[in-house]
Amino acid sequence: MSRDRPNVIYILGDDHRADYLNSVGHPVVRTPHLDRLAADGVLFANAFCTSPACTPSRTCHYLGQWERRHGVNFNSGSALSPSAWEMSFPMRMKEEGYYLGWVGKNHVPAGIGGYGSRYFEQVFDYWYGNHGHTGFYPKENPHGGEIYRNATADTQIEVFEEATLDFLEPRNGFAEGCPVQLPRRPQDRPFCLCLTFNLPHGASTGTMQLRPSDDELYRGAYRDRQHEMPLPETYLPFHLEVEQPKIPRVVYNGKRISQYDYVKTPTFLRERQVRTCQTITGMDRMIGNLRQELERLGLADNTLIFFSSDHGLHHGEHGLGGKCFLYEEDIRIPMIVFDPRSPQTARGQVRNELVVVPDLAPTVLELCGIEIPSTMHGSSMVPLLRGVEPEWRRDFFAENLFDGQNYPRSECVRTEEWKYVRYFRRTDNLDDRLEDTYGTKEEYLECLDSTLDGERPVHEELYHLRNDPYEKHNLAEDPACRSRLDAMRRRIGELGVAARGERSLPMTVPI
């Protein structure tokens, strides 16, 4: 195998909140292997996504861009063009000779026609995945589950583990019965494997059935500690949320898809928290097995491991369920980077700088000695990994441009101490935006520029996070904070323009 460049394993969870790691103080969940990964590498304690929804955030991960630039969301009516995807970190690595693998969920539409184009199946050398949600029992997924039916296991994490180990070293008989060809990894080329879970997302934790054939972890773990599952500091049961809405009803009507109804009562919330802990521990166990296999194969000392998530999730904070809000629960994410080549003095760091999803792609490329394309707007975190103290951002821009499922269109600027959020008009009747009813492509394209060109917000929020970390007290109308509010209004415009970049249509194709 070539020793000139390191291998890369890029692992993403789905709806994995930043606080669901033992190493950051969660009182119940057990994550010994992720804790060890952090101790061997670098834990970023202030890591954030910039678009808290699956598709736009995952696209940000691979392209190193803000959504305002790449222009892909559930309501955008578009997919990445092949020329846009060619600027992703996996494709830049492929161009430099890397062997590409994909195991698990894909939620980034690409190619003419989107998922139906089977574009990813063509550009990844080893493809063992599905588009959209996977479910806890992936073989039973009516949309792409047939690819998993050769696996011995039935549960998602264990199916993905079989494939990951097969990617590293072909398993006897694993490829038999698979409807796609599973090639052997060449030993003389470095590799990049994208391993993407659909957990602890409700599409998977919500389909767990405690079957007798399930691992004991998924049937009994944490149930004896259900009463210890922490209710959030700002938790509001449904009846109080109705009486005390966090966001004015003219902005967000409080109606949500049924998938998030578990936040309405502590009993149902704690059941979902149990399942979240079970599956995160399952993912953690798999990562431990993966690292053990890398050691066995002699790959451990030259394989970088990245672990993160697309975004967080509300657990009833302020009475809210779901994602796509710009509060801390949704935009904070876990982030661990492990480089076995780093000196011991740089390992075990906890970095507190503000890092964001678009920073990951350029970091991968720099660590692999590959030129970072100008299309990537994030900043390489390599200096932080090396333990130096560079000039670093003091604030960042985040946005939610998905106005389906009743979510409000919003933007924010977050500094180390403050957060300013502004909300914009909805494009049609609030009561008609549940389930799969989204806005039009034209509306989406319009909003890429309208808020930067003077569209007035319909509601504003200002939080002093140092004194109010749970975002309880909106100071936007406090006269004492007027100068701060004005400064944040100016800054969000500057950062939004930078996130948008060149004023041109995104490099997308129709779905």
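Here are a few things to note about the model shown:
- Strands (runs of 3 or more DSSP E) completely within the stretch 26-143 that count 3 or more residues being of a type outside the set (Ser, Thr, Tyr) and in contact (Cβ under 8 Å) with a residue 24 or more places away in the chain: 42-44, 99-106, 126-131
- Test: GLU443 is under 22 Å from the mean Cα position of the chain (by Cα) and at pLDDT below 95: no
- Selection over the stretch 256-296 of residues that are over 29 Å from GLU228 (Cα atoms) and touching a residue at least 24 places away in the same chain (Cβ under 8 Å) gives a count of 4.
- Helices (runs of 4 or more DSSP H) enclosed by the stretch 219-333 - at least 3 residues per element that are modelled with pLDDT under 95: 238-243
- When the criteria are applied in full, TYR235 fails the requirement of being more than 25 Å from ASN400 (Cα to Cα) and surrounded by 13 or more Cβ atoms within 10 Å (Cβ to Cβ).
- Matching residues, the stretch 341-398, being under 26 Å from SER410 (Cα atoms) and either basic (Lys, Arg) or part of a helix (DSSP H, G or I) (or both): VAL357, PRO358, ASP359, LEU360, ALA361, ARG393, ARG394
- Among the residues of the stretch 140-174, the one identified as farther than 21 Å from ILE11 by Cα, buried (at least 19 other Cβ atoms within 10 Å of the Cβ) and either in contact with a helix residue (DSSP H, G or I) (Cβ under 8 Å, 6 or more places away or on another chain) or among the hydrophobic types (A, V, I, L, M, F, W, C) (or both) is ASN141.
- When VAL42, VAL103, VAL72 are checked against the criterion of being hydrophobic (A, V, I, L, M, F, W, C) and farther than 30 Å from GLN349 by Cα, a single residue qualifies: VAL72.
- Among (1) surrounded by fewer than 20 Cβ atoms within 10 Å (Cβ to Cβ); (2) closer than 23 Å to ALA499 by Cβ; (3) at pLDDT below 95 - the single one GLU416 does not satisfy: (3)
- Residue tally, condition among the small types (Gly, Ala, Ser) and not assigned by TED's automatic domain parsing to the domain that holds TRP66, over the stretch 1-54: 1
- Residues that are basic (Lys, Arg) and either within 26 Å of PRO232 (Cβ to Cβ) or crowded, with 22+ Cβ neighbours inside 10 Å (or both), drawn from the stretch 6-59: ARG17, ARG30, ARG58
- Residue match in the stretch 63-82 (condition: surrounded by fewer than 20 Cβ atoms within 10 Å (Cβ to Cβ), at pLDDT 95 or above and either at negative phi or touching an Asp or Glu at 6+ places or on another chain (Cβ under 9 Å) (or both)): yes
- Test result for PRO334, in contact (Cβ under 8 Å) with a residue 60 or more places away in the chain and either charged (D, E, K, R) or in the same structural domain as ARG249 (by TED's automatic domain parsing) (or both): yes
- Considering residues of the stretch 326-352 that are buried (at least 16 other Cβ atoms within 10 Å of the Cβ) and among the aliphatic types (A, V, I, L, M) only, the residue nearest to the chain's Cα centre (by Cα): ILE333
- Some residue of the stretch 272-289 being surrounded by fewer than 20 Cβ atoms within 10 Å (Cβ to Cβ), in the same structural domain as ARG171 (by TED's automatic domain parsing), of a type in the set (A, V, I, L, M, F, W, C) and in contact with a strand residue (DSSP E or B) (Cβ under 8 Å, 6 or more places away or on another chain): no
- Residue match in the stretch 357-373 (condition: polar (S, T, N, Q) and surrounded by fewer than 23 Cβ atoms within 10 Å (Cβ to Cβ)): no
- Scanning the stretch 488-509 for residues that are acidic (Asp, Glu) and part of a helix (DSSP H, G or I) gives a single hit, GLU494.
- Cβ-Cβ contacts under 8 Å between residues 6 or more apart (or on different chains), taken from a first residue in the stretch 459-485 that is at positive phi to a second residue that is outside any strand (DSSP E or B), are listed as GLU471/THR234; GLU471/HIS318; GLU471/TYR327; GLU471/GLU328; GLU471/LEU465.
The values are calculated or read from the model by the stated rules, or taken from the named source; none is laboratory data. From a predicted model like this one, the values you see are computed outputs, not experimental measurements. With ideal geometry, Cβ positions are generated from the backbone for all residues, glycine too; neighbour counts draw on all protein chains shown.
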